[in-house]
């Protein structure tokens, strides 16, 4: 008995669907991607995501036609229904670059990075070290080009750069977006990060 064309088409479609599997994530990519970001990006499960109100750090504007950039830090918790104890936690870091408003079509560069909770704690420790180094530079400025840098898995980078003329600066990057803050804003950044870490701690269960 011959198979009907419709049946053949159906079988062929099933075969194609069965063959078209997504490319597996390499071990290297998995190691360089925060667990929180991996989980949020999954498409084969039901997931619940909590995005808490972000803390905002705004750069100082420099002129009438310059829009100051900003850094937003927001706690994130995600999990599968019924698996709340196996939740992924971290901090969402969004960088919006300072830019010149040349015309109505001008737009700043914007990029988001995710830090797992342990990376966010590492950043908090790094900020304390940066504060210590900045204090040392106040009395003994470095004689050469030097940079104190923290880098996360997901393209978030924070650096302390010395400048004896205009004052030391914090330079923050996320992907293609970057922004600089006067070092005097370091303590404010520490407070906002600690606030996000407290939010994560208060939502452990």
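Give the residue, chosen from 99, 129, that is touching a strand residue (DSSP E or B) at 6+ places or on another chain (Cβ under 8 Å), more than 21 Å from residue 32 (Cα to Cα) and surrounded by fewer than 14 Cβ atoms within 10 Å (Cβ to Cβ). Even if it seems obvious, please write down each step before you answer.
Working: 99 fails: surrounded by fewer than 14 Cβ atoms within 10 Å (Cβ to Cβ).
Among 99, 129, only 129 is touching a strand residue (DSSP E or B) at 6+ places or on another chain (Cβ under 8 Å), more than 21 Å from residue 32 (Cα to Cα) and surrounded by fewer than 14 Cβ atoms within 10 Å (Cβ to Cβ).
Assuming residue 124 fulfils every condition listed in (1) surrounded by fewer than 19 Cβ atoms within 10 Å (Cβ to Cβ); (2) in contact with a helix residue (DSSP H, G or I) (Cβ under 6 Å, 6 or more places away or on another chain); (3) farther than 29 Å from residue 38 by Cα apart from one, which condition is it?
(3)
When only residues in the range 158-179 that are surrounded by fewer than 16 Cβ atoms within 10 Å (Cβ to Cβ) and more than 16 Å from the chain's Cα centre (by Cα) count, which is modelled with the highest pLDDT? Talk me through it step by step, then tell me what you get.
Let us first name the residues in the range 158-179 that are surrounded by fewer than 16 Cβ atoms within 10 Å (Cβ to Cβ), namely 161, 163-167, 171, 175-176.
Subset that is more than 16 Å from the chain's Cα centre (by Cα): 161, 163-167.
Details: 161: 93, 163: 84, 164: 74, 165: 77, 166: 77, 167: 80.
So, considering only residues that are surrounded by fewer than 16 Cβ atoms within 10 Å (Cβ to Cβ) and more than 16 Å from the chain's Cα centre (by Cα), the one modelled with the highest pLDDT is 161.
Mind listing just one residue for me: the one in the range 53-71 that is within 19 Å of residue 166 (Cβ to Cβ) and surrounded by fewer than 19 Cβ atoms within 10 Å (Cβ to Cβ) and, of those, modelled with the highest pLDDT?
My answer is 58.
Got a sec? Which strands (runs of 3 or more DSSP E) wholly within the range 77-177 have at least 1 residues that are without any contact (Cβ under 8 Å) to a residue 60 or more places away in the chain? It would help to see each step written out before you state the result.
Details: elements: 88-96, 110-116, 148-151, 156-161, 169-174.
Passing ranges, in order: 88-96, 148-151, 156-161, 169-174.
Counting only residues that are touching a helix residue (DSSP H, G or I) at 6+ places or on another chain (Cβ under 8 Å) and surrounded by fewer than 19 Cβ atoms within 10 Å (Cβ to Cβ), which one in the range 187-196 is nearest to residue 83 (Cα to Cα)? Don't jump to the end; show me each part of the working.
Step one: of the range 187-196, the residues touching a helix residue (DSSP H, G or I) at 6+ places or on another chain (Cβ under 8 Å) are 187, 189-190, 193-194, 196.
Filter once more, so that each one left must be surrounded by fewer than 19 Cβ atoms within 10 Å (Cβ to Cβ): 187, 190, 194.
Working: 187: 37, 190: 32, 194: 26 Å.
It comes out as 194.
The values are calculated or read from the model by the stated rules, or taken from the named source; none is laboratory data. Predicted model only: the values in this text are computed from it and were never measured. Cβ: placed from backbone, ideal geometry, glycine included. Neighbour counts: every protein chain shown.
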